[in-house]
Amino acid sequence: MSCGDPHDTECGEVLDHLYEFLDNEMAEGDCAKLRVHFEECSPCLKQYGLEQAIKALIKRSCGCDDTPADLRSKVLARIDSIRSGQRSGDPVVVAVETTVELHAESARPAPKPAKGGAAEQPAGRPGAPVEAGAPAE
């Protein structure tokens, strides 16, 4: 977004840092630059007002739920590690943890017991893991 008028601080830079400004996470000098920009640029001021209203609505709607202390500490620690990586110039790697859930309907049926009472081993190595959803033999 740009209003087309020249500013000391570009509209894109202002909007990139809008949430830092809203959350009071910027240095005072940077906040002052954004305030000056908002005085000069009505489209950015309008976007600021919209984001401020959304943030207030979320706070009213979700503000009563307490964040679990362990979750809060993990998130803050991760933010600190990302910020320190950005300051040092090192590449920032974000790991995504996934969980796979296997439902009984998709699992392979258990092998039938052999005549001697012991379960038959599937083809392949004895004791090897069996892939879920593999066709029954």
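Taken together, the values in this text are just the output of simple stated rules run on the coordinates, not laboratory data. Bear in mind that the values here come from a model prediction, so they are computed numbers and not experimental data. We place every Cβ from the backbone using ideal geometry, glycine too, and count neighbours over all the protein chains shown.
Annotations for the structure displayed:
- Once the Cβ-Cβ distance of MET26 and THR67 is raised to the sixth power relative to R0 = 22 Å, the FRET efficiency obtained is 0.45.
- Taking a ≥ b ≥ c as the square roots of the eigenvalues of the alpha-carbon gyration tensor, the range 11-64 is classed oblate because a/c is 1.5 or more while a/b is no larger than b/c.
- For the range 11-64, size of Cβ-based charge dipole, Lys and Arg +1, Asp and Glu -1, in debye: 380 debye
- HN-Hα J in Hz across the range 66-73 - Karplus 6.51, -1.76, 1.60, θ = phi - 60°, x for Gly and Pro: 7, 7, x, 4, 5, 5, 4, 5
- Considering only CYS62, PHE21, GLY49, the residue lying farthest towards the positive end of the dipole of the range 11-64 is CYS62, judged by Cα position with unit charges set on Cβ.
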